[in-house]
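Since the structure comes first, as structure tokens, the remarks are kept for the end.
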Amino acid sequence: MGMWSLGLGAVGAAIAGLILANTDFLLTKPAPASVEYLGNADLKTINSDERALKAKTLWEKSGAVIMAEASELSSLKPQLDELGVPLYAVVKENEGTEILDFRPHFAGEIFLDEKQAFYGPQQRKMGVLGFIRLGVWQNFIRAWRSGHQGNMNGEGFILGGVFVIGSGEQGVLLEHREKEFGDKVSIQSVLEAAKKIVVEK
């Protein structure tokens, strides 16, 4: 009877682990990012004339849609161009050919955020338990089918997000934080938020 009890206990623990891993119970809740916090982030351009800049210069006059760890927003580029709102990507590292591989999937300018401000103010990670989440596997399959190739370089557990930031004093109009690897923001929500941006002429 003792072996049966141990076996049933192990099965019960495994089932409980699967259930917990597929809920948000163990995931750190995101702390909202203020426009002041994001604006003070130090970014670098990723090209031959590398330069440093404060993030607020990206949206002061025109607002911006800024994504950290997503590329599907490129489909909005024509509508954003019509609105006069730029689309940017912020990445946390530049390992190997990572950015070179990412560039064909993204229509905007890419910046490096070495201090990972756009992944804070309270950084959130999804550990190895994330790999037993059903949603993560669905996201991986969707990304693979659309031609995205992952890699095993650098830090891969930090969750990203998307921000729509207005010009001047408008502040953060939309903030989406990933709940799991590959969790996507609603494209329609991003577009609706971008339409609220007052672009300075």
When restricted to Ser62, Ser74, the only residue under 17 Å from Val185 (Cα atoms) and hydroxyl-bearing (Ser, Thr, Tyr) is Ser74
Has segment 183-190 got at least one residue that is over 23 Å from Lys92 (Cβ atoms) and either assigned to a loop (DSSP other than H, G, I, E, B) or modelled with pLDDT under 70 (or both)? yes
Q. Could we say that Gly147 is open to solvent by 20 Å² or more (accessible area, probe 1.4 Å), modelled with pLDDT under 85, part of a loop (DSSP other than H, G, I, E, B) and farther than 24 Å from Ala52 by Cα here?
A. yes
Looking at segment 12-33, is at least one residue under 18 Å from the mean Cα position of the chain (by Cα), among the charged types (D, E, K, R), modelled with pLDDT of 60 or more and open to solvent by 70 Å² or more (accessible area, probe 1.4 Å)? yes
Of those in segment 99-117 that are touching a Lys or Arg at 6+ places or on another chain (Cβ under 8 Å) and at negative phi, the residue surrounded by the fewest Cβ atoms within 10 Å (Cβ to Cβ) is Glu114
Checked segment 33-56 for anything of a type in the set (Ser, Thr, Tyr), more than 18 Å from Glu175 (Cβ to Cβ) and outside any loop (DSSP other than H, G, I, E, B); matches are Thr45
Going through segment 43-61 in order, the residues found to be of a type outside the set (Lys, Arg) and surrounded by 14 or more Cβ atoms within 10 Å (Cβ to Cβ) are Leu43, Thr45, Ile46, Ala55, Leu58, Trp59, Glu60
Every listed condition ((1) farther than 17 Å from Val90 by Cβ; (2) at pLDDT 60 or above; (3) of a type in the set (A, V, I, L, M)) holds for Ala55 save (1)
Apart from one, (1) modelled with pLDDT under 90; (2) in a helix (DSSP H, G or I) all hold for Gln79; the odd one out is (1)
Being open to solvent by less than 30 Å² (accessible area, probe 1.4 Å), modelled with pLDDT of 75 or more and over 17 Å from the mean Cα position of the chain (by Cα) narrows Val85, Val90, Val65 down to just Val85
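The values are calculated or read from the model by the stated rules, or taken from the named source; none is laboratory data. Computed from a predicted model, the values in this text were never measured in an experiment. Here Cβ is always computed from backbone atoms with ideal geometry, including for glycine, and neighbour counts include all displayed protein chains. To get the accessible areas, we keep the full protein, side chains included, count just its heavy atoms, and leave off ligands, DNA and RNA. Shrake-Rupley method; radii C 1.70, N 1.55, O 1.52, S 1.80 Å.
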